[in-house]
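Here is the structure we will look at.
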Amino acid sequence: MTQVPEQAIDRVANYFQVLAEPTRLRILNLLREQEHNVGELAEACGYTAANMSRHLAMLMQQGFVTREGRGTSVYYQISDPTIYTLCDLVCDRISQQHIQQAWPKALATSKKRTVLKRKTV
């Protein structure tokens, strides 16, 4: 097995740490379809422009988004669309786990209903 350098592990941890905040995931989701300025993102997420700017700065630092000034506004867009491949992979896995956890409950409920029907007949 290949030994991964500590510096690489730290970079990967920082990458996932940025994604571990729900607001930043909301921002990435909003930017999936089109670019937005700070005000639009702040309104959509229910935060102040200052708070939104802080989250956007972290996303920029990690290379997820870029910004472009236009007049008095700054617009943000996704710089690395492969982030959505990762997000889709995680969402699919969570969905599979949810289904796997739901099956035993559904079967137990179904068996319980069958037993109840037999008793009432």
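From N14, N51, grab the single residue that is assigned to a helix (DSSP H, G or I), surrounded by 10 or more Cβ atoms within 10 Å (Cβ to Cβ) and at pLDDT 95 or above. Reasoning before the result, please.
On the way: N14 fails: at pLDDT 95 or above.
That would be N51, the only listed residue that is assigned to a helix (DSSP H, G or I), surrounded by 10 or more Cβ atoms within 10 Å (Cβ to Cβ) and at pLDDT 95 or above.
Give segment 19-33 a look and list any residue that's assigned to a loop (DSSP other than H, G, I, E, B) and touching a residue at least 24 places away in the same chain (Cβ under 8 Å), or say none.
Across segment 19-33, the qualifying residues are E21, R32.
Select from segment 60-83 the residues that are without any contact (Cβ under 8 Å) to a residue 24 or more places away in the chain and surrounded by 14 or more Cβ atoms within 10 Å (Cβ to Cβ) and list them in ascending order.
M60, T66, R67, S79
Conditions tested, residue by residue: (1) in the same structural domain as A8 (by TED's automatic domain parsing); (2) at negative phi; (3) in contact with a helix residue (DSSP H, G or I) (Cβ under 6 Å, 6 or more places away or on another chain).
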{"site": "V65", "(1), (2), (3)": "yes, yes, yes"}
{"site": "E68", "(1), (2), (3)": "yes, yes, no"}
{"site": "V74", "(1), (2), (3)": "yes, yes, no"}
{"site": "C91", "(1), (2), (3)": "no, yes, no"}
{"site": "S95", "(1), (2), (3)": "no, yes, no"}
{"site": "H98", "(1), (2), (3)": "no, yes, no"}
{"site": "Q101", "(1), (2), (3)": "no, yes, no"}
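Consider segment 17-39. How many of its residues are surrounded by 13 or more Cβ atoms within 10 Å (Cβ to Cβ) and either assigned by TED's automatic domain parsing to the domain that holds V90 or of a type in the set (D, E, K, R) (or both)?
4
Of these, A102, A57, A42, which one is assigned to a helix (DSSP H, G or I), exposed (fewer than 14 other Cβ atoms within 10 Å of the Cβ), modelled with pLDDT of 95 or more and aliphatic (A, V, I, L, M)?
So the residue among A102, A57, A42 that is assigned to a helix (DSSP H, G or I), exposed (fewer than 14 other Cβ atoms within 10 Å of the Cβ), modelled with pLDDT of 95 or more and aliphatic (A, V, I, L, M) is A57.
Take the residues in segment 60-99 that are of a type in the set (S, T, N, Q) and in a helix (DSSP H, G or I), then tell me which one is nearest to L31 (Cα to Cα). Spell out the reasoning first.
From segment 60-99, those of a type in the set (S, T, N, Q) are 61-62, 66, 72-73, 77, 79, 82, 85, 95-97; that's our starting set.
Filter once more, keeping what is in a helix (DSSP H, G or I): 61, 85, 95-97.
Details: Q61: 16, T85: 14, S95: 23, Q96: 26, Q97: 27 Å.
Only one residue fits best here, namely T85.
If I go through segment 19-39 residue by residue, how many of them are modelled with pLDDT of 95 or more and of a type in the set (G, A, S)?
The total comes to 1.
Where the second residue is hydroxyl-bearing (S, T, Y) and not in a helix (DSSP H, G or I) and the first is within 19 Å of A20 (Cβ to Cβ) and lies in segment 37-58, which pairs have Cβ atoms under 6 Å and are six or more apart or on separate chains?
L56/Y76
The values are calculated or read from the model by the stated rules, or taken from the named source; none is laboratory data. Computed from a predicted structure; not experimentally measured. For neighbour counting, all protein chains shown are included, and Cβ atoms are generated from backbone atoms with ideal geometry for every residue, glycine included.
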